[in-house]
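The values are calculated or read from the model by the stated rules, or taken from the named source; none is laboratory data. Computed from a predicted model, the values in this text were never measured in an experiment. Here Cβ is always computed from backbone atoms with ideal geometry, including for glycine, and neighbour counts include all displayed protein chains. Ligands, DNA and RNA are stripped out before the accessible areas are found, and what is left, the full protein with its side chains, is counted by its heavy atoms. Shrake-Rupley method; radii C 1.70, N 1.55, O 1.52, S 1.80 Å.
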Amino acid sequence: MKERLIANWLTKASERSLEIPFAQLLMLKGHTVLSGPAHHPFEHGKDLLTLDHDRRLCAFQLKGGTSKFTLRDFEKHEAELHALATTAASHPNLPTSRVPDRVCLVTNQELTPPARSRIAGLSQGLRELGYPGLEVLERDQLLGWFVSAHGSFFPEEARDVASFLRVFLESGVGPLPHRQYIEAIASLMPSQSRARKSECARAVSAATLLAAYMLKPWQEKDNHVAVAEGWLLLCSQILRLALLQDLRGVYWESSYSLAIEAARDALEALLHEAAAREDLLGCGFGEPVLYGTRALLVAGYLSAFALSSGVNTTGRPEDPEELTQAVAAIVRREIPYLKVLGESAAPYYFAIAYLLAKTGDSGAAARMVRDWAQVLSKANAPGSPTAIPDPYHGPQQLLMALVSDDARQDLNQERWDGSSYTLHLAVSWLTRRLWRQSLETLWPDITRISHHDFVPADASGFLSAEDPFGVLDTWVYPMPTKWSVLRQEADRFDPGFLPTLLLDRPDFMLLYPLVRPHRFNSRILRFWDVLLIDGGSSVGVASRLAG
């Protein structure tokens with residue numbers, strides 16, 4: 001079955017959905033990926049640039065499709081293939097710019113005889129001119145590589161296979177089924193407390209390949225949010241394994257880099273799509289109901305993406321300032337339409353506020369957070385029939401409750417009045433920005449509510465959907481409360497469950513809470529403040545916070 005599933009995926013894969021798996025395959029074969037997968041005007045036909053185990057510079061051009069690679073296909077891409085072999089490549093890890101030692105066309109199609117003959121002619125001509133000949137890696141060879149790469153690392157138990165198929169066979173139109181996706185990924189990870197390092201490395205590689213297989217439906221439908229969430233969830237599982245097994249970076253960082261960059265690529269595609277349109281309308285009958293939440297998801301993810309670009313350390317060619325301004329234009333366009341269905345909207349809402357502050361509109365940012373506090377303190381008052389669901393109910397579940405009687409009945413069995421998980425975040429945020437008068441106005445309502453802050457037991461719990469060993473802090477603000485006490489509490493920061501491994505990956509830490517809103521707590525918000533407001537940078541975050 002494994003071979004049939006991989007063959008089914010491979011024969012239908014587009015160029016985009018082939019890039020990450022192929023890069024992972026190259027790493028398994030000893031290559032160091034220098035750049036890619038990427039699509040930029042200066043790539044000169046080089047989708048991937050690597051150094052092989054003999055330190056030879058290798059350049060790859062990927063072409064995906066579902067039929068044969070014909071002579072017409074070759075003629076369409078001939079200029080790219082010529083540039084692949086004849087233009088110099090540059091990278092910080094190369095002493096000087098130079099022409100690759102090996103160049104390869106990679107396709108999941110089968111070459112027709114005329115196409116094969118023309119490629120052989122081009123290859124011979126290139127060699128006569130002193131350039132590397134064009135190698136070809138096509139469907140049957142790729143299939144053998146992919147099947148061999150998995151070895152025994154593929155879901156085997158019936159439940160794990162069912163989780164994989166539940167995701168793999170989706171249409172890609174709706175949201176990513178997080179639970180089944182994570183179950184399939186987790187089934188590949190070593191379960192013993194001290195596994196062999198080589199076993200962990202193979203598991204990470206296999207998980208990266210499996211994630212690419214499962215995300216294909218959403219990638220093919222340009223469902224950019226779902227694709228980004230899938231790669232971010234894979235990042236969380238790779239980091240979790242690295243922490244649990246105390247792994248050095250050599251065993252997992254290359255795969256992690258592929259995954260985080262794939263997530264950023266998806267969000268960059270989301271930015272381009274949103275910028276090219278006047279609104280975020282789809283074509284469904286439920287648009288009036290869906291639009292507000294869609295606007296929140298898009299504006300929140302794009303805001304976190306722009307903020308993370310300022311702390312990103314991977315050397316992407318994007319201009320953080322230009323990107324931030326492009327995102328800000330979309331965010332300001334969509335702010336009037338934002339709809340909050342539950343407290344799971346908090347990380348999206350705060351990401352938008354930070355983005356507004358970063359682009360010079362601190363007043364609008366503070367008003368957004370003040371409105372969050374005002375709405376929650378009223379809606380979740382004791383006995384309120386309109387209380388907002390807690391952050392354990394994600395945006396997709398709450399949307400389903402709007403259109404499904406069964407989902408709505410499940411929610412109606414719970415009560416959230418008299419309590420809140422995120423109101424105290426707004427209190428701290430406003431206190432640090434000295435919005436005392438607004439807090440004084442809201443204080444009578446705020447003091448009637450029980451405030452909750454879940455603190456994971458450790459980083460492993462933070463990176464998981466569930467943490468049975470975490471602690472739920474609960475308190476009520478006294479009436480009155482001294483302003484000096486609020487200031488002291490708001491400025492205090494104890495990283496606690498956040499180890500150096502996470503603190504020094506701020507781009508991930510700005511994006512991950514949007515995937516798991518129930519992990520957005522006071523420590524994460526304070527980390528965002530240190531990083532984005534207190535003069536933080538991407539270098540030495542952990543040591544600076546410790547100091």
Over the chain, relative contact order from alpha-carbon pairs under 8 Å, at least 6 apart, %: 10 percent
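Restricting to DSSP H runs of at least four residues, report the calculated mean residue ellipticity at 222 nm for the chain, -39500 (n - 2.57) per run over all residues, nearest 500 deg cm²/dmol.
On the way: 24 runs with 308 residues, N = 547.
Rounded to the nearest 500, the figure is -18000 deg cm²/dmol.
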For Ala88 and Val476, calculate 0.36 nm times their separation in residues minus their Cα-Cα distance, and state this gained length in nm to one decimal. 133.3 nm
How much solvent-accessible surface does Trp231 expose, in Å² to the nearest 10, with a 1.4 Å probe and all protein chains in place? 10 Å²
Could you calculate the contour length gain from Asp54 to Lys197, that is, 0.36 nm times the residue separation minus the distance between their Cα atoms, to one decimal place in nm? 49.1 nm
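Does segment 59-150 come out rounded, prolate or oblate, given a ≥ b ≥ c as the square roots of the eigenvalues of its C-alpha gyration tensor, rounded meaning a/c under 1.5 and, failing that, prolate meaning a/b above b/c?
Working: a/c = 2.14, a/b = 1.28, b/c = 1.67.
Verdict is oblate for segment 59-150.
Would you mind working out the magnitude of the charge dipole of the chain relative to its Cα centre, with +1 at each Lys and Arg C-beta and -1 at each Asp and Glu C-beta, to the nearest 20 Debye? Mind dumping the intermediate values first?
Working: 55 positive and 63 negative charges, 104 e Å.
Result for the chain is approximately 500 debye, rounded to the nearest 20.
Pop the C-beta distance of Lys378 and Glu321 into the FRET formula with R0 = 41 Å and round what comes out to the nearest 0.05.
Working: r = 38 Å, r/R0 = 0.93.
The value I calculate is 0.60.
Ignoring ligands, DNA and RNA, what percent of the 1.4 Å accessible area of segment 446-514 is carbon and sulfur? Working shown, then result.
Working: 1720 of 3220 Å².
Looking at segment 446-514 in its full context, I get 53 percent from C and S.
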What is the distance, in nm, between label points placed 7 Å from the Cα along the Cα-to-Cβ direction at Arg159 and at Val147? 3.0 nm
Enter the accessible area of Glu440 (Å², nearest 10), with the probe set to 1.4 Å and all protein chains included. 110 Å²
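With r as the distance between the Cβ atoms of Arg166 and Ile335 and R0 = 30 Å, compute the FRET efficiency 1/(1 + (r/R0)^6) and round to 0.05.
That pair, Ile335 with Arg166, gives E of 0.25.
Please compute the per residue accessible area over the chain with all protein chains in place, 1.4 Å probe, rounded to a whole number of Å². Walk me through the numbers before you get to the answer.
Working: 23530 Å² over 547 residues.
Per residue, the chain has an accessible area of 43 Å².
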Could you order Glu128, Glu75, Glu229, Glu170 by accessible surface area, starting with the largest, using a probe radius of 1.4 Å? Glu128, Glu75, Glu170, Glu229
Antiparallel versus total DSSP beta bridges in the chain: what percent is that, nearest 5? 50 percent
Once both labels are modelled 7 Å past Cα along the beta-carbon direction, what's the Thr66-Asp101 spacing in nm? 4.0 nm
Which is farthest toward the positive dipole end of the chain among Phe168, Leu232, His91, measuring Cα position about the Cα centre, with Cβ charges +1 (Lys, Arg) and -1 (Asp, Glu)? His91
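Would you work out if segment 7-107 is rounded, prolate or oblate? Take a ≥ b ≥ c from the square roots of the eigenvalues of the alpha-carbon gyration tensor; rounded if a/c is under 1.5, else prolate when a/b is larger than b/c, oblate otherwise. Working shown, then result.
On the way: a/c = 2.13, a/b = 1.33, b/c = 1.59.
Since a/c reaches 1.5 but b/c is at least a/b, the shape of segment 7-107 is classed as oblate.
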Work out the FRET efficiency for Ser484 and Thr441 from their Cβ-Cβ distance, taking R0 = 22 Å, and round it to the nearest 0.05. 0.70
Please tell me which of these pairs span more than 25 angstrom C-alpha to C-alpha: Lys68/Lys216; Lys216/Lys339; Lys46/Lys68; Lys12/Lys197? Lys216/Lys339; Lys12/Lys197
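Dividing the convex hull volume of the alpha carbon atoms of segment 145-233 by its residue count, what do you get in Å³ per residue? Walk me through the intermediate numbers first.
Numbers: hull volume 8.6 nm³, N = 89.
Normalising the Cα hull of segment 145-233 by residue number yields 96 Å³.
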